[in-house]
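One structure is given below, encoded as structure tokens.
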Amino acid sequence: MLLEGMFIPVTTPFYADGACYWRKLEHNVDRYSRTPAAGLVVVGPRTEAAGLSDEERRESLRVASESAAKEKVLIAGVDAESVVGAVRIAEQAAEAKFDAVLLKAPVEWQRLVGENSFAQVGLFFRAVADRSPLPVVLWSDAAAGGFEIPVEMLGTLAAHPNVIGLMDAGLTVERLRAVRAATADVKSDVTVTTVFTAVTGRMLEVSREGEATFVAADALSSGGTSLAVAPPKPALKTRTKTVGFQVVDAGTASVSVDLLEAAVQGVVPELAACAPQGCHEVWAAFKDGDPALARLKAERLREADAVVSEFGVAGVKYACDLNGYYGGAPRLPRVGLTAEEKARVEKAFREVRN
């Protein structure tokens, strides 16, 4: 699976009593699908996924898959304290026709350091990758309370045939170069379209259905009137692209240009949940060969990035409400923003519209 472009981290809307609001999730995913984003990360890190029940997570994946455009790469977050639990979530994602899973280290091991603890984290990642029905993307987070995967461990894990890349919330140019050096020998072939964009499983499924459902008019006639039927959709034309170990930046949109210049494959800024168009414009300007414009657009996002980073999920959700997406209040024990905090978000997003 190709991990190239901008990805949107999807939040979970709730009713006032804390129940999941599926219709609002449908609305958000449908609107995200109309943006130029490459894909969506559902029930991922830095959201409220850890507070969802097993059934709520399964339903979140189903709703998102059925609401998303078939061209969008769907990645499901895997947050579990055991290999069995992680594999179960990966199986739910496969049932919902997702394309990959995003695997983070168990919270218990994130708090520990030392050679033995690192070995057990590495074992967790490998064991889940062995059993996952979908390709695995590793999650690394250098923030307090997170677990930054050591470069040496990444070099080993990248050799696993079912581990295709990394989303890193603490990525720097120096770390990106170190990861590239440690995984330089890793190569794999991915299926892409004729213009080198990702091919999702749902795209292939639609293509196969089109071929299977075509029936010629003469085959339906029995001496009477023939029935004309629509011709089948043409089979999806694909090609193969060779990629290395794919690295996606999960930092802030306003400081991503340096990493783009260092040839990071993709970005998944937290800000994209509430301002996907603004975040994509940074990516698009750089890909169009205008890094100066990309820096200008990134600078315009700096204040919005700052308040989102400060207020977390509650800030993202309030900004979603401002920009035409359903955010709403977070689920307890998280609380919403105060009036003063809302005013700061409103000021930061005054010029950041979708």
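Here are the numbers:
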{"read-out": "Helices (runs of 4 or more DSSP H) wholly inside segment 103-202 containing at least 3 residues that are modelled with pLDDT of 95 or more and at negative phi", "value": "115-131, 151-157, 173-182"}
{"read-out": "Verdict on residue 18 being in a loop (DSSP other than H, G, I, E, B) and crowded, with 22+ Cβ neighbours inside 10 Å", "value": "no"}
{"read-out": "Pair list, Cβ < 7 Å and 6+ apart or interchain, from segment 166-188 residues that are in contact (Cβ under 8 Å) with a residue 40 or more places away in the chain and open to solvent by 20 Å² or more (accessible area, probe 1.4 Å) to residues that are of a type in the set (Phe, Trp, Tyr) and not in a strand (DSSP E or B)", "value": "186/245"}
{"read-out": "Cβ-Cβ under 6 Å pairs, at least 6 apart or on other chains, segment 122-139 side closer than 9 Å to residue 87 by Cα, far side open to solvent by 20 Å² or more (accessible area, probe 1.4 Å) and not in a helix (DSSP H, G or I)", "value": "129/160; 129/162"}
{"read-out": "Filter pass, residue 64 being part of a loop (DSSP other than H, G, I, E, B) and either modelled with pLDDT of 95 or more or at negative phi (or both)", "value": "no"}
{"read-out": "Subset of segment 254-284 that is acidic (Asp, Glu) and farther than 14 Å from residue 173 by Cα - its residue that is most open to solvent (accessible area, probe 1.4 Å)", "value": "281"}
{"read-out": "Selected residue (criterion: surrounded by the most Cβ atoms within 10 Å (Cβ to Cβ)) from residues of segment 338-352 that are free of Cβ contacts under 8 Å to residues at least 24 places away in the same chain and of a type in the set (Gly, Ala, Ser)", "value": "343"}
{"read-out": "Only one of 326, 318 that is farther than 30 Å from residue 159 by Cβ, aromatic (Phe, Trp, Tyr), open to solvent by less than 50 Å² (accessible area, probe 1.4 Å) and at pLDDT 95 or above", "value": "318"}
{"read-out": "Among (1) surrounded by 17 or more Cβ atoms within 10 Å (Cβ to Cβ); (2) assigned to a loop (DSSP other than H, G, I, E, B); (3) touching a residue at least 40 places away in the same chain (Cβ under 8 Å) - the single one residue 80 does not satisfy", "value": "(3)"}
{"read-out": "Hey, residue 29 over 25 Å from residue 267 (Cα atoms), in contact with a helix residue (DSSP H, G or I) (Cβ under 6 Å, 6 or more places away or on another chain) and not in a loop (DSSP other than H, G, I, E, B) or not", "value": "no"}
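The values are calculated or read from the model by the stated rules, or taken from the named source; none is laboratory data. All values reported here derive from a predicted model rather than from experimental measurement. Neighbour counts are summed over all protein chains in view; Cβ atoms, including those assigned to glycine, are modelled from backbone coordinates with ideal geometry. Side chains are part of the model used for accessible areas, which takes the heavy atoms of the whole protein and leaves out ligands, DNA and RNA. Shrake-Rupley method; radii C 1.70, N 1.55, O 1.52, S 1.80 Å.
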